[in-house]
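Novice: Structure below; questions to follow.
The values are calculated or read from the model by the stated rules, or taken from the named source; none is laboratory data. Keep in mind it's a predicted model, so treat the numbers as computed, not measured. No Cβ is skipped: glycine too gets one built from the backbone with ideal geometry, and neighbour counts run over all protein chains shown.
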Amino acid sequence: MPPRKVVTGMLLAAGSLAGSLLVRRRAARRRERVDLYAEDGSMLSLADGTPEAGRLLAIAHELLGPA
Amino acid sequence: MLGPMDAHEAIAELTDISPQVRDVVVIGADGTVVASNVDAEARVRALADGARRLGEGADEVRAAHGLGPAAQLEAATVAGSVFLVREGGRTIVATTTPEPTVGLVFYDLKTCLRAIEEPKKPARRTRKADDAAA
């Protein structure tokens, strides 16, 4: 295989990998969650999908809905 | 740091400096609504009620994990976030645009809450004043 084709193939592969990482990172950021902070700054984070987060996120959706 | 100001003025200042913040309701220690930037009364009541339920729910979750009550929270959804901050018995609840700058929003909400002056307590009647009035 000519070296130019190999380089092009490698660049394409690297590009798609970087693209998929960016999309995953953005999707992760958009995931729903609830962060509960204490007075001392410590945090308890509840990820979407847990019953605890679900209950609080339902209230949040209710409050954001009719805005 | 802002000096003590009227609650409506403080909320106006908050939404001015923090364009991510949309609806804001300040709730007093007795649970009554102190001020809001929302005109519709039903919406203000819904926000205040939602804030109470969110706060209670957050405390229950933290208690289940053996932790103390929540001082502040962010519920992040794809439609936006709901922030709640409690301080000195008072609560401020705000909705924001999606993916807000969390630290800044918390800072601005606390600044707003602290800037709102405490309602003045009615002057205590003294025995002397009562006697003079009689």
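Novice: If you take the residues of the range B:52-71 that are over 23 Å from B:Pro100 (Cβ atoms) and facing chain A (nearest Cβ under 7 Å), which of them is farthest from the chain's Cα centre (by Cα)?
Specialist: Keep residues of the range B:52-71 that are over 23 Å from B:Pro100 (Cβ atoms), which gives B:56, B:59-60, B:63-69.
Those left that are additionally facing chain A (nearest Cβ under 7 Å): B:65, B:67-68.
Working: B:His65: 25, B:Leu67: 22, B:Gly68: 20 Å.
Applying the filter and picking the extreme gives B:His65.
Novice: Taking into account only those residues within the range A:33-51 that are at the interface with chain B (Cβ under 9 Å from one of its Cβ atoms) and modelled with pLDDT of 95 or more, which is surrounded by the most Cβ atoms within 10 Å (Cβ to Cβ)?
Specialist: Filtering first and then ranking leaves A:Val34.
Novice: Do you know which residues across the range B:75-89 are touching a helix residue (DSSP H, G or I) at 6+ places or on another chain (Cβ under 6 Å) and either in contact (Cβ under 8 Å) with a residue 24 or more places away in the chain or part of a strand (DSSP E or B) (or both)?
Specialist: The answer is B:Ala75, B:Thr77, B:Gly80, B:Val82, B:Phe83, B:Leu84, B:Val85, B:Glu87.
Novice: While we're looking at this one, here's another question. Please verify whether B:Ala71 is surrounded by fewer than 22 Cβ atoms within 10 Å (Cβ to Cβ) and at pLDDT below 95, treating the condition exactly as stated.
Specialist: Working: surrounded by fewer than 22 Cβ atoms within 10 Å (Cβ to Cβ): yes; at pLDDT below 95: no.
Considered against the rule, which asks whether it is surrounded by fewer than 22 Cβ atoms within 10 Å (Cβ to Cβ) and at pLDDT below 95, B:Ala71 comes out as no.
Novice: Just one of A:Arg29, A:Arg25 is facing another protein chain (nearest Cβ under 9 Å), in a helix (DSSP H, G or I), at pLDDT below 95 and within 14 Å of the chain's Cα centre (by Cα); which is it?
Specialist: Details: A:Arg25 fails: facing another protein chain (nearest Cβ under 9 Å).
Only one candidate passes the filter, namely A:Arg29.
Novice: Can you confirm whether A:Leu63 is over 22 Å from B:Tyr107 (Cβ atoms) and either at the interface with chain B (Cβ under 10 Å from one of its Cβ atoms) or at pLDDT below 80 (or both)?
Specialist: Spelling it out, it is not the case that A:Leu63 is over 22 Å from B:Tyr107 (Cβ atoms) and either at the interface with chain B (Cβ under 10 Å from one of its Cβ atoms) or at pLDDT below 80 (or both).
Novice: Take B:Arg90 and decide whether it is within 16 Å of the chain's Cα centre (by Cα) and surrounded by 14 or more Cβ atoms within 10 Å (Cβ to Cβ). So that I can check it myself, show each step before the final result.
Specialist: Details: within 16 Å of the chain's Cα centre (by Cα): yes; surrounded by 14 or more Cβ atoms within 10 Å (Cβ to Cβ): yes.
Yes: the conditions hold for B:Arg90.
Novice: Let me confirm something: among B:Gly66, B:Gly103, which residue is surrounded by fewer than 14 Cβ atoms within 10 Å (Cβ to Cβ) and either in a loop (DSSP other than H, G, I, E, B) or touching a helix residue (DSSP H, G or I) at 6+ places or on another chain (Cβ under 6 Å) (or both)? I'd like the intermediate steps shown before the answer.
Specialist: Numbers: B:Gly103 fails: either in a loop (DSSP other than H, G, I, E, B) or touching a helix residue (DSSP H, G or I) at 6+ places or on another chain (Cβ under 6 Å) (or both).
Unique residue meeting the criteria: B:Gly66.
Novice: Ok, one more. Of the numbered conditions (1) modelled with pLDDT of 95 or more; (2) farther than 19 Å from A:Leu63 by Cα; (3) within 14 Å of another protein chain (Cβ to nearest Cβ), B:Asp49 satisfies every one except a single condition; which is it?
Specialist: Only one criterion in (1) modelled with pLDDT of 95 or more; (2) farther than 19 Å from A:Leu63 by Cα; (3) within 14 Å of another protein chain (Cβ to nearest Cβ) is unmet by B:Asp49, namely (2).
Novice: Restricting to the range B:11-53, name every residue that is hydrophobic (A, V, I, L, M, F, W, C) and either part of a strand (DSSP E or B) or surrounded by fewer than 14 Cβ atoms within 10 Å (Cβ to Cβ) (or both). Steps first, please.
Specialist: Pass one, the range B:11-53, residues hydrophobic (A, V, I, L, M, F, W, C): B:11-12, B:14, B:17, B:21, B:24-27, B:29, B:33-35, B:38, B:40, B:42, B:44, B:46-48, B:51.
If the condition is that a residue be hydrophobic (A, V, I, L, M, F, W, C) and either part of a strand (DSSP E or B) or surrounded by fewer than 14 Cβ atoms within 10 Å (Cβ to Cβ) (or both), then B:Ile17, B:Val21, B:Val24, B:Val25, B:Val26, B:Ile27, B:Ala29, B:Val33, B:Val34, B:Ala35, B:Ala40, B:Ala42 are the ones that fit.
Novice: Considering only residues of the range B:72-93 that are in contact with a Gly (Cβ under 9 Å, 6 or more places away or on another chain) and at the interface with another protein chain (Cβ under 7 Å from one of its Cβ atoms), which is nearest to A:Ala47 (Cα to Cα)? Write out each step before concluding.
Specialist: So the first thing to find is which residues in the range B:72-93 are in contact with a Gly (Cβ under 9 Å, 6 or more places away or on another chain), and the list is B:73, B:79, B:82, B:84, B:86, B:89-91, B:93.
This time we only want the ones that are at the interface with another protein chain (Cβ under 7 Å from one of its Cβ atoms), so: B:73, B:79, B:82.
Details: B:Leu73: 14, B:Ala79: 16, B:Val82: 15 Å.
The extreme case among them is B:Leu73.
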